[in-house]
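Notes to accompany the following structure.
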Amino acid sequence: MLTLGQATLDMFSVYSVSTVYNDRRETGGEDGLMTGVGAQSLEEFGYRSLRQMILQGELAPGQKLVQEDLAQRLGVSRTPLRSAIAALERDGFVAISPRGEATVASFGPARIADLFEVRAVLEGLTCRLVAPSFEQKHAMYLRSLISAAMPEGDSGDWSAYRSADQEFHNYLTTLLGNDFLTRQLASVRDVLSLSLAQGLLRAPSETYSEHMEIIAALEARDADAAEQAMLRHIRTTISLMRKRAAEDSASHPTGATAGAAV
């Protein structure tokens, strides 16, 4: 048993609450890469395969996609591969030049901030929709998740907190029961992950209280407060991004550095 404030946390209940989330994450969920084509079309197989290669860093930002090599590697013809690349461009993973050359998308601070604006709205809406059915066991789980991951003292190792932060946001999505919104959020987060691999944008000591504010609003089932708390949480980060984008632009008058992370 774990005591958090006035509430006592039953660890079995926490495990039960998080089972669906963890199972989905570990198996790859609906976005996981299948080991074979199976029931997928060749275009879908090509899309999922290339998307996972990009997310895992096998294909780096700015790298040219050579269709002949990729077709041979994936065991598909160039026709479905071209369709897959076109779909990846639509979803923001690939850039195609006027000459038709495809490269893995690169992101500067300004573009990342734009994506975070979309994320802020979607996650704020998530909190609004989740609040009416939010339960104390959900609050206990999220509080324990963030609290247990806080770095000790002046430790500069934020890796555990970063993982907890990602799970915090993803977990709220699993409570939605809204497949369309879930897919939109997953797409935005995946694109952002390409440029945010270096770590957290703000210190745990700064964002801890923001996470607790979100949890408290959800626990009170106050949809307005929960939505606004999430919006403030993400838009504080966006303000930092905009500042860095301006600084980057001043340092590189011709444009933001390709692939720059924030």
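The values are calculated or read from the model by the stated rules, or taken from the named source; none is laboratory data. In this text, all values refer to a predicted model and were calculated from it rather than measured experimentally. Heads up, the Cβs are rebuilt from the backbone with ideal geometry, glycines too, and the neighbour counts pull from every protein chain shown.
Quick test of your reading of the structure: R73 fulfils all but one of (1) at pLDDT 95 or above; (2) not assigned by TED's automatic domain parsing to the domain that holds S193. Name the failing condition by number.
All conditions are met except number (1).
Residues that are assigned to a helix (DSSP H, G or I) and surrounded by 17 or more Cβ atoms within 10 Å (Cβ to Cβ): does the range 88-99 have at least one?
Yes, the conditions are met somewhere in the range 88-99.
Out of the residues in the range 156-207 that are among the polar types (S, T, N, Q) and modelled with pLDDT under 85, which is surrounded by the most Cβ atoms within 10 Å (Cβ to Cβ)? Steps first, please.
Within the range 156-207, the subset among the polar types (S, T, N, Q) is 159, 163, 166, 170, 173-174, 178, 182, 184, 187, 193, 195, 198, 205, 207.
Then drop every residue that is not modelled with pLDDT under 85, which leaves 187, 193, 195, 198.
Details: S187: 16, S193: 12, S195: 20, Q198: 8.
Per the criteria, the residue is S195.
What's the number of the condition L176 fails, among (1) assigned to a helix (DSSP H, G or I); (2) in contact with a Leu (Cβ under 7 Å, 6 or more places away or on another chain)?
Looking at each condition in turn, L176 falls short on (1).
So how many residues does the range 150-188 have that are under 20 Å from C127 (Cα atoms) and among the aromatic types (F, W, Y)?
3
Could you identify the single residue in S163, S193 that is among the polar types (S, T, N, Q) and within 24 Å of S106 (Cβ to Cβ)?
Numbers: S163 fails: within 24 Å of S106 (Cβ to Cβ).
Being among the polar types (S, T, N, Q) and within 24 Å of S106 (Cβ to Cβ) holds for just one of S163, S193, which is S193.
List every residue pair whose Cβ atoms sit under 7 Å apart, with the two residues 6 or more apart in sequence or on different chains, where the first one lies in the range 111-127 and is over 18 Å from I215 (Cβ atoms) and the second, anywhere, is among the aliphatic types (A, V, I, L, M) and outside any helix (DSSP H, G or I).
I112/V262
E152 fails exactly one of the following numbered conditions: (1) in a helix (DSSP H, G or I); (2) surrounded by fewer than 19 Cβ atoms within 10 Å (Cβ to Cβ). What is the number of that condition?
It is condition (1) that E152 fails.
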